[in-house]
Amino acid sequence: MDATHLHCAHCATVQPIRFEPLLPGEPSLGTNVFCARCRHFAFTLIKPARFYCEICDEVQPGLLERLEPGARGNELAVLLVCGCCFDGKTMLFAGTEASSS
């Protein structure tokens, strides 16, 4: 799945994703994931598929749990969860169009 959108906690809607290196010029250190509309920080992705979990206070593997299609139609939606404590981090979407409100 190539995630193109996420549910932004600040906008309270599905918005496009913006990716930026954790440290400019050093993409191998990780990637920050933001809402492209308001630049609200969602999480930091560290290859391969690891991120910092604020509950565990450590870098943990990320797991994607597929969600059933719901009110938004038939797009692919997954929930990114911590592979250790299973805390849900964010919902990711593929191929959706961002809402403008």
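Annotation note: of A3, A42, A9, A49, the sole residue that is closer than 25 Å to C84 by Cβ and in contact with a Gly (Cβ under 6 Å, 6 or more places away or on another chain) is A49.
Might you check whether a residue that is in a strand (DSSP E or B) and not aliphatic (A, V, I, L, M) occurs anywhere in region 22-30? No: region 22-30 contains no residue that is in a strand (DSSP E or B) and not aliphatic (A, V, I, L, M).
For region 1-36, taking the residues that are closer than 16 Å to P48 by Cβ and touching a Phe, Trp or Tyr at 6+ places or on another chain (Cβ under 6 Å), the one that is modelled with the lowest pLDDT is identified as T31. The set of residues in region 50-101 that are modelled with pLDDT under 85, among the small types (G, A, S) and surrounded by 15 or more Cβ atoms within 10 Å (Cβ to Cβ) comprises A77, A98. For V33, the stated conditions hold: it is within 21 Å of C84 (Cα to Cα) and β-branched (V, I, T).
What are the residues in region 12-30 that are within 18 Å of C82 (Cα to Cα) and in contact (Cβ under 8 Å) with a residue 60 or more places away in the chain, if any? Show your work before the answer.
Start the filter on region 12-30 by keeping residues that are within 18 Å of C82 (Cα to Cα), which leaves 30.
Passing the criteria: none in range.
The C-beta contact set for region 37-60 (first residue closer than 18 Å to L6 by Cα and without any contact (Cβ under 8 Å) to a residue 12 or more places away in the chain, second residue among the polar types (S, T, N, Q) and surrounded by fewer than 18 Cβ atoms within 10 Å (Cβ to Cβ), distance under 6 angstrom, 6+ apart or interchain) comprises Y52/T44.
The values are calculated or read from the model by the stated rules, or taken from the named source; none is laboratory data. Because the structure is predicted, anything quoted here is derived from the model rather than measured. As a convention, Cβ positions derive from the backbone with ideal geometry for all residues, glycine included, and neighbour counts pool all protein chains shown.
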